[in-house]
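Report on the structure given below.
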Amino acid sequence: MGREISRLRRILTQYRRVAVVGLSANWHRPSYFAAKYMIDHGFQVIPVNPAYPEVLACRCYPDLRSIPEPVDVVDIFRRPEEVPELVEDAIAIGAKVVWMQIGVVHEQAAARAREAGLEVVMDRCIKIEYGRLFGGLNWMGVNTGVISAKRAPHVTF
């Protein structure tokens with residue numbers, strides 16, 4: 001466990017240019033929360049989504065291969081069946097890390113990425129891990145009021 005924490009801490013310290021595949025322009029989507037948080041904490045976020053020209057005041061690219069600058073981390077907010085193609089794109093552009101968000105697991109694609117020399121993180125949120133490892137869990141949107149376990153007050157008319 002300690003080795004994994006050290007690895008995640010190193011990745012989040014060493015690699016600061018993150019292409020977020022599937023980044024939505026809708027503020028209530030997890031990809032938007034994560035990207036906004038990362039921008040606010042000094043990361044360069046490169047949105048990847050063919051549906052938008054811009055997200056979070058950053059130019060949006062239709063796919064990874066269209067990005068004209070180096071990418072450190074490919075952060076995947078897509079369904080697991082889309083991961084193998086995204087891993088091939090990450091390898092082609094020279095990314096260092098493939099990061100699959102919570103719920104995104106693809107063992108064969110992860111093995112392919114590792115064979116090509118990329119580091120792999122699966123089934124973890126980059127925002128949550130950054131907040132957990134570097135402090136700021138209270139800052140990271142856990143208590144946004146958007147989702148709550150508390151019941152709404154009963155109103156009687």
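Readers should treat all values here as calculations from the given coordinates under stated rules, not as data from a laboratory. Values in this document were obtained by computation on a predicted structure and should not be read as measured data. Every residue, glycine among them, receives a Cβ derived from its backbone with ideal geometry; neighbour counts consider all protein chains shown.
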Alpha-carbon spread of the chain, three principal axes, descending order, Å: 63, 41, 30
Which of Ala34, Val18, Tyr52, positive extreme of dipole for the chain (C-beta unit charges): Ala34
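Tell me, what is the percent relative contact order of the chain, built from C-alpha pairs under 8 Å that lie six or more residues apart?
Computed over the chain, the figure is 19 percent.
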Net length gained if the chain between Phe134 and Val105 were fully extended (0.36 nm per residue, minus Cα distance): 8.0 nm
Ranking of Arg10, Arg17 by count of other Cβ atoms within 10 Å, fewest first: Arg10, Arg17
